[in-house]
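Written below as structure tokens is the structure these notes are about.
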Amino acid sequence: IATLMALVLRRGGILLHAASVVVDGGAVVAVGASGRGKTTLCQRLHDTFLNEEFAFLAPTGPDGAWQVHWYAQERGPAAERPAVLPLARVCLLSPTRSRTALRAATNAEALTVLHAASLWVPGVPPALQLGAMEGLLRNFAPSWLEHDLRSSVDQLIDVLRSPT
């Protein structure tokens, strides 16, 4: 994990306490405070989840495209997955759970959530990680994910596929 952390930080990325799932070949990263549903989301999407603890995001793809670098946990994916996947979407987990939907988030809201979910590495200047967050938000419009547990898994995946 330390090697992966160093690689991501050196390449202008960020380390987040987040859940990651695969939707249509890309990684959807769900970020939120404890109790917002990261593990529940992964349990519901058990056939497509990557990791329920950490997401390592960095602009390491072709032409600086953002990618998700992940590692297997004890409760790893049900099937083999590439170690690096293109980042498809960044979702902020909403406390609202009365429906399953995406709604636009402001960059200020996203920075607040990303800042709280970031792993701050001793010796790494905070400005470096804040710059990476801003770079991420220049490339991805943040969305709030409202996740009602009564919705079907198919509906949840359809929402994650939909444009913001």
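Details
- Over the chain, all Cα pairs binned in 10 Å intervals from 0 give whole-percent P(r) values of 11, 44, 37, 9, 0, listed from short to long.
- If you take all other residues with their beta carbon under 11 Å from the beta carbon of Arg36, and give Lys and Arg +1 and Asp and Glu -1, the sum is +1.
- Residue-wise HN-Hα coupling along segment 22-27, computed from phi with Karplus coefficients 6.51, -1.76, 1.60 (Hz; x: Gly, Pro): 9, 10, 6, x, x, 8
- Cα centroid separation - segment 50-65 against segment 92-143, whole Å: 14 Å
- Span-like helix ranges in the chain, DSSP H, alpha carbon extent 18 angstrom or more, Kyte mean at least -0.5: 126-139
- Sum of -39500 (n - 2.57) over DSSP H runs of 4+, divided by residues of the chain (222 nm, nearest 500): -9000 deg cm²/dmol
- Most fluctuating residue given options Val113, Val31, Val124, as computed from a GNM of the chain linking Cα atoms under 10 Å: Val124
- Along each principal axis, taking the top coordinate minus the bottom one, the Cα set of segment 115-157 gives 44, 22, 12 Å in descending order.
We did not get these values from a lab; they are worked out from the coordinates using the rules stated. None of the values given here were measured: they were computed from a predicted structure. Every residue, glycine as well, gets a Cβ built from its backbone with ideal geometry; the counts of neighbours run over all protein chains shown.
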